[in-house]
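This report refers to the structure that appears directly beneath it.
The values are calculated or read from the model by the stated rules, or taken from the named source; none is laboratory data. On a predicted model such as this, the values are computed, not experimentally measured, just so you know. Cβ sites come from the backbone with ideal geometry, for glycine too, and all protein chains shown count toward neighbours.
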Amino acid sequence: MGFFQHTPNDAWDFSGNNSVVLFEYKDPKTGKMVKASAHADRNGYFFVTDREKLTNGAGYPNKPTSLIGAWPFVEGITWAKSWNLQTGKPNIVEGQHPPKPKAGADKGDSIFVSPPFLGGTNWMPMSYSQQTELFYIPANHWAMDYWTEKLTYKAGSAYLGQGFRIKRLFDDHVGTLRAMDPKTGKIVWEHKEKFPLWAGTMTTAGGLLFTGTSDGYVKAFDAKNGKELWKFQTGSGVVSVPITWEMDGEQFVGIQSGYGGAVPLWGGDMADLTKQVTQGGSMWVFKLPKSLKN
């Protein structure tokens, strides 16, 4: 088995703990089917790798990279300009590693980094539609001021050696639900949200895309064009993953509502933004109609 490292020498805590989705597609150049895997990383890049090369040890010394493509799925990435498809390594931007504190100082100079350690996306899984052949990424546009600090242990406090402040990139939105073509890296459509997106996405065979928002809505979209078809207010922020199942010939969708997690804990300006979100904890189930009216 091989591997692919998404952020070499990771100094920004991107970590890469995001879903990897297996899929197949027809190569537009050769016409052959490619067994691939896709990964939208916290570092802001969307990766497509060759699964067959991975099984043959790609990534190890003297083995070729499995990387097929690496495209930004958010704007404003500061730490890398692009990726070298031959080496499988990023073209790093100089000056994006926070300097150590100077002599006598408690902390180092601050640098501006985007995305922040909370990521262009995070734990919440993206989904893939075999109908549209698109991936649907719950993404966020934000950044951070980032600096090193002298380590002083204090019981009950984070022991990081780093300081940070999360801030917004744009005035009109933080969250952006994006549909991405894994063959070209093109963003086919997007839907912006005022609050950070912290819920996973789910596509159905009926051409629908479901997700939740931090201000409490469950939403359904047309997976092809991104048109918002339906929404329901749950009373608290949605930071979970929708699921679907069949029972007695009917299709159901379920999702949990109850705000919390990393954004209100670590989010800086974003935590201040989401203070207005009501707390809660509930499970919502919806039955889909057998056909949608135009």
Residue ID - farthest from G119 (Cα to Cα), chosen from residues in the range 148-190 that are modelled with pLDDT of 95 or more and hydroxyl-bearing (S, T, Y): T184
Considering only the range 217-233, I want to know if a residue exists there that is polar (S, T, N, Q), at pLDDT 95 or above, closer than 15 Å to T278 by Cβ and crowded, with 21+ Cβ neighbours inside 10 Å. no
Name the single residue, out of those in the range 78-99 being at pLDDT 95 or above and closer than 15 Å to M144 by Cα, that is surrounded by the most Cβ atoms within 10 Å (Cβ to Cβ). W79
Could you pull out every one of the strands (runs of 3 or more DSSP E) wholly within the range 80-148 that has 2 or more residues that are touching a Ser or Thr at 6+ places or on another chain (Cβ under 8 Å) and more than 27 Å from G207 (Cα to Cα)? 89-92, 111-113, 142-148
Looking only at residues in the range 24-60 that are assigned to a loop (DSSP other than H, G, I, E, B) and among the small types (G, A, S), which one is surrounded by the fewest Cβ atoms within 10 Å (Cβ to Cβ)? G31
Determine, yes or no, whether A262 is out of contact with any strand residue (DSSP E or B) (no Cβ under 8 Å at 6 or more places or on another chain), touching a residue at least 60 places away in the same chain (Cβ under 8 Å) and under 20 Å from N18 (Cα atoms). yes
For K63, work out the one condition from (1) assigned to a loop (DSSP other than H, G, I, E, B); (2) modelled with pLDDT of 95 or more; (3) surrounded by fewer than 16 Cβ atoms within 10 Å (Cβ to Cβ) it doesn't fulfil. (2)
For the range 1-40, enumerate the residues that are at pLDDT below 95 and touching a Leu at 6+ places or on another chain (Cβ under 8 Å). M1, G2, F3, F4
